[in-house]
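J.: Next up is a structure, given as structure tokens.
The values are calculated or read from the model by the stated rules, or taken from the named source; none is laboratory data. This one's a predicted model, so the numbers in the text were calculated from it and none came from an experiment. Ligands, DNA and RNA are stripped out before the accessible areas are found, and what is left, the full protein with its side chains, is counted by its heavy atoms. Shrake-Rupley method; radii C 1.70, N 1.55, O 1.52, S 1.80 Å.
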Amino acid sequence: MKLLQDIWNSILDITSQFVIPDWGAVIALLPVVMAIVLVAFVILTFTRYRGVNPQRRRRGRVAPATPPGIHMPGPTYAPVFAAAGTFLLFLGLVFPGPLLLLGIVALVLALLFWGGEGLRDYDHVAGDHPALPAPVHAGPPPGVHLPGPSFRPILASLGVFLLFLGLVFPGWILAVGLLALIVSLLGWLTDARREYVRTVRADTTGHLENGPDPGWPKVLVSVFAVVLLAAVAINNGWFPPKSAVGGTATATASGGPPASGAAGSGGPGAGGAGLAIIAQGVAFNVKTLSAPADKPFTVLFDNRDAGTPHDFDVLDASGAKVFDGKDFPGAGQKTYDVPALKAGTYKFECSIHPALMNGQLTVGG
């Protein structure tokens, strides 16, 4: 039985890397992937042009001639600015800080600049051409049926978005995304069934009845918006309200939950031997911890993210791990025995979500 349990745990560990990947590591690999794609494109282009036949025209640039009645936009630096902003944005996700803010600002300014150029180009074209009457089609040819307009694809897309958002931030958001996708697909299937019935009836009557125009899904969107807000509140622990514990990571000497202390900090409990930390909503409840120097201590780790594995690692100033805690899925608790550390400043993190779950550990002082 133990062998089967170990095999099953190994399968779950491998599957978790695909279901709940380390998004920080995936984003960090984006520059490498982009570099590989760029090198492959250059090699492919060089290979294709290597076999091009000799030139059959005179040297020099040929001025392009636009066919009559066709408008071509002029040259612009907007795509270059947008690409630079996107690069800075992704670089800021890998190295958080001012780069992230700079990337967002650069991308927004580039898109505004691009949009302004597009509007000026449109106004220029609209001024050169008179307003033409909009063509009104009588309808599809006889025997051809076209489906009517529908909001179902938009609702299904929102459901898929919430589903993937729930994979990044597990918990109730995942359930809301799954429910929204199921409701959208069931509605889409119901509309298709009604349309099929009307089409079959038209084979007998010779007249195809169009369904009613779809109404705006105000009620459905409002209900899911309220449910989504409730899921976010539950994931972050805002609701239902819990008994106040002082917002500290200080534990008692018996290793129990923290009692009281300064918010956002942790320290040794009675006897200077224990710390406590909570993982919820793919985030730690504290950003700073403190421990005694040259003495071993324990960390009571409370993983409240159901089905999501977390762990507790300690890294020194060079980034090397001085303590590597074993990860475990929530919801559950585990006590880590951290060996004695020299006085100094360390970094603690969850190795599975290092970009989202990290903080500073001060040893001694």
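J.: Considering each residue of segment 297-326, count those that are at pLDDT below 90, among the polar types (S, T, N, Q) and open to solvent by less than 20 Å² (accessible area, probe 1.4 Å), and give that number.
T.: So the count comes out to 1.
J.: May I ask you to verify whether A340 is of a type outside the set (D, E, K, R), open to solvent by 40 Å² or more (accessible area, probe 1.4 Å) and modelled with pLDDT under 90? Quick ask: steps written out before the conclusion?
T.: Details: of a type outside the set (D, E, K, R): yes; open to solvent by 40 Å² or more (accessible area, probe 1.4 Å): yes; modelled with pLDDT under 90: no.
It is false that A340 is of a type outside the set (D, E, K, R), open to solvent by 40 Å² or more (accessible area, probe 1.4 Å) and modelled with pLDDT under 90.
J.: Moving to a separate point now. Return yes or no: is L181 of a type in the set (A, V, I, L, M, F, W, C), part of a helix (DSSP H, G or I) and at pLDDT below 90?
T.: No, not satisfied.
J.: Quick check: anything in segment 193-208 among the polar types (S, T, N, Q) and open to solvent by 50 Å² or more (accessible area, probe 1.4 Å)?
T.: Yes.
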